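The structure appears below as structure tokens.
Please treat every number below as a calculation from the coordinates, not as lab data. These numbers were taken from a predicted model, which means no experiment stands behind them. Note that each Cβ is placed from the backbone with ideal geometry, even for glycine, and that neighbours are counted across all protein chains shown.
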Amino acid sequence: MDKKLTREEARKRIKELREQISYHEKKYYVENNPQISDYEFDQLMAELKRLEEAYPEFITPESPTQRVGEKPVEGFPTVEHRSPMLSIDNCYDVEGLKEFEERVKKLLPGEKIEYVAELKIDGLSMSIIYRQGRYEQAVTRGDGFRGDDVTAQVKTIHSLPLTIPIDDEVEVRGEVYLPFESFKKINQEREKAGEPLFANPRNAAAGSIRLLDPKEVARRNLDTFLYYIFINGKERPSQWENLMELKKLGFKINPHSRLCQNIEEVINYYHEWTEKRDTLNYDVDGVVIKVNSTKQREILGATAKSPRWAIAFKFPARQATTRIKDIIIQVGRTGALTPVAILEPVSIGGATISRCTLHNEDEIKRKDIRIGDYVLLERSGDVIPHIISVMKERRTGKEKPFIWPKTCPVCHSAIYREEGEAVSRCINPSCPARIRESIIHYASRRAMNIEGLGEALVDQLLASGLVKKIPDLYHLKYEDLVQLERMGPKSAQNLLEQIEESKSRELWRLLFALGIRHVGEKLAQALARKFPDLEKLSKLSEDELMTLEDVGPKVAKSIVFFFSQPESQELLKELKAAGLKFKEKPEKEGPKPLQNMTFVLTGTLSSMSREEAKEKIEKLGGSVSSSVSRKTDFLVVGEEPGSKLDKARELGVKTLNEKEFLKLIGEA
């Protein structure tokens, strides 16, 4: 038994166990070649944990038991990269690749040029530091010059060694990604919890790394591929030697990288993996081609944005052929009727596609889409499938044109289509199909912000008959809620408190939550400022509404139409009876430190959404624009920024990282 060990015996056994566990982690996570069963591995880990608990003086940060040892952090400090993590230029055809080769040859006249071709992993770029052989720090790419310190989160990734057999300062760079199996599992869990699904594995990987609790990150089963190494700031003589050095030190490199003697070998590699990409358990969206020689790369240098010695040759959008089994109509929150094609299931890029939107009636007519047609389906950007074309030559004569409905297929009320618009709508605000989406919108963070009222719970409330319309939320009882699936006493109480709090939300939130067509968040705020009494606002004419700068004839007509419906009047009556605030107190004039300043936002902020950042800026007197110009005062730069950052540098616009932005608005 462990207790019988002397202190020295325990020290030796702990060292032995750590070496065994590190060896087996490498075999399992890096080489995909397990040498023992999961049960045997768990036994080794359990023994190590017992010994470390009995002899805590021997616990070290690099012990395998400490991967998720850190407590949740409050935020992500910003760290400057030792050298910029530049983005890589793209090309989309062989001609573009050969143009890249010509540029390289022009700068390296007469020299033999080798290339390394690597699969372009669709993940999150990361810089990881080791000192004296121990894992020390991990930083996201950020804006290329500064990133977020995510050391505790990245430490949970099992394919990343906690120690390496070298005492020098080592920086490795690569991608953190999410295997398809883990991505599917996460989305299944989110769907059950009523949370929005991640659009793709890359988004899920980025979202996982931004979780503040390392234990939650560990549950996501992230992985890595590394492709750069700097030892005391220097690379190996070639990219291929970089990869071999990484492998030698125990890092996981992509096994499919290839040393190519010329551009023709690169092209062959690209075509090979265009065909084989669906055999992988992770997402790749192209091939990265790098000049192999480090010396040649130094001569080639870089532009302000990208290295001249590398290019990404992107794969074509994923396509497949399938047949339309049926066309159905879905009714959304605003009453919009959306045709959806029910397809014979087909696999595209590792995902099974069984339906896709046909957008509207005009789109069906324009493409002459019929039930029974064979179609070419594309999953552009690996996210939303859509029909590229109809294979009319495969028609047999049994295909049926789709007849657009004259009434709502759910409630059978009249439908209308506004002049100049492609969308038909159900006019009944109490249509059951609209109610579900209306409640979800009403409770959303940007509207009434009722935390805990997600899609899954809304479905339960509707199915149980506890809620049939929005005002019913304010009559829910504790004893009814605790009977629902996955709804314990604490969750029920929290939900009731959130619903009660929503009664005192700002008037603009209620206006936005009502789902009035054309009334978005910004217009709702403007309306509440100009007309701070909802009952009076509901009785205004189109001309009176158009005295507000942001309201034109179309918007005014939509607002008047909404409030003129008996169902809308009944809704307001019930909400008022439930105790909701219908009047806004005049805003006290306070300091406006951002008065007359124009901001632009790019990338993802970890402390708030871009909508929340916009709201805070406007509250402090500033304005937010969608594009960078010479009139822009500040560009706020989050994780993975877009082309706005390049434009800002070009125009000399001042940039703020998230930490600097929070300091400016007084929330550091």
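At R0 = 25 Å, how high is the FRET efficiency between GLU102 and ASP278 if r is their beta carbon distance? Nearest 0.05 is fine.
In this case the efficiency is close to 0.20.
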Task: Residue-span extension gain [ASP213 to GLN132] - 0.36 nm each, minus C-alpha spacing - done: 26.5 nm
- [ ] May I ask what percent, to the nearest 5, of DSSP beta bridges between residues of the chain are antiparallel?
- [x] 85
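So for THR279, THR602, fewest C-beta neighbours within 10 Å to most, what's the order?
Lowest count first: THR279, THR602.
So if each residue of separation counts as 0.36 nm, and I subtract the Cα-Cα distance between ALA422 and GLN565, what length gain in nm does that give?
Here the answer is 49.2 nm.
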- [ ] Would you mind computing, in nm to one decimal, how far apart the modelled labels at MET487 and GLN66 are, each placed 7 Å from Cα along Cα→Cβ?
- [x] 4.6
Task: Unpaired by the 4.7 Å Cβ criterion, cysteines found in the chain - done: CYS91, CYS260, CYS356
Open item on the list: For the pair LYS305/GLU535, report the inter-label distance in nm, with labels modelled 7 Å from Cα in the Cβ direction.
Closed with: 5.7
Task: Value in Å of the Kirkwood radius, where segment 90-314 supplies the Cα pairs that are averaged - done: 18.6
Task: Cα lying deepest toward the dipole's positive end in the chain, options PRO593, VAL331, GLN137, charges on Cβ - done: VAL331
Task: Overall form of segment 185-325 per C-alpha gyration tensor (a/c, 1.5; a/b vs b/c) - done: oblate
Task: Computed magnitude of the charge dipole of the chain (debye, nearest 20; Cβ of K, R +1, Cβ of D, E -1) - done: 740
Task: Ranked by how many other beta carbons lie within 10 Å on average, peptides 162-170, 565-573 from highest - done: 162-170, 565-573
TODO: State which entries of LYS619/LYS644; LYS468/LYS522; LYS234/LYS654; LYS468/LYS581; LYS98/LYS305; LYS185/LYS247 exceed 26 angstrom in Cα-Cα distance in the structure shown.
DONE: LYS468/LYS522; LYS234/LYS654; LYS185/LYS247
Task: Given LYS105/LYS295; LYS614/LYS659; LYS15/LYS155; LYS120/LYS614, the pairs whose alpha carbons are separated by over 23 Å - done: LYS120/LYS614
Open item on the list: Tell me whether the chain comes out rounded, prolate or oblate; compute the Cα gyration tensor, take square roots of the eigenvalues as a ≥ b ≥ c, and use a/c under 1.5 as the rounded threshold.
Closed with: prolate
- [ ] Would you compute, from DSSP H runs of 4+ residues alone, the mean residue ellipticity of the chain at 222 nm, taking -39500 (n - 2.57) per run and dividing by the full residue count, rounded to the nearest 500?
- [x] -10000 deg cm²/dmol
Task: ³J(HN,Hα) computed for each position of segment 221-231 - Karplus, 6.51 cos²θ - 1.76 cosθ + 1.60, integer Hz, glycine/proline x - done: 6, 5, 9, 9, 10, 9, 9, 10, 9, 10, 9
- [ ] Distance between Cα centroids, segment 92-170 to segment 392-407: provide it in whole Å.
- [x] 52
TODO: For GLU667 paired with TYR478, estimate the spin-label separation in nm (one decimal), with each label point 7 Å from Cα along the Cα-to-Cβ line.
DONE: 3.3
Task: Using a Förster distance of 25 Å, the FRET efficiency for ARG394-VAL340 (Cβ separation, nearest 0.05) - done: 0.70
Task: Assigned charges on the beta-carbon of Lys, Arg, Asp, Glu; segment 348-448 dipole about Cα centre (debye) - done: 280
TODO: Work out how much length GLN43 to LYS365 would gain on full extension: take 0.36 nm times their residue separation and subtract the Cα-Cα distance, in nm to one decimal.
DONE: 109.5 nm
- [ ] Under 12 Å from the Cβ of GLY233, count the other residues' Cβ atoms, weight Lys and Arg +1, Asp and Glu -1, and hand me the total.
- [x] -2
TODO: Find the relative contact order for the chain and round it to a whole percent, using C-alpha pairs within less than 8 Å whose residues are 6+ positions apart.
DONE: 10
Task: Gyration tensor verdict on segment 432-502 (Cα atoms; rounded if a/c is under 1.5, prolate if a/b is larger than b/c, oblate otherwise) - done: oblate
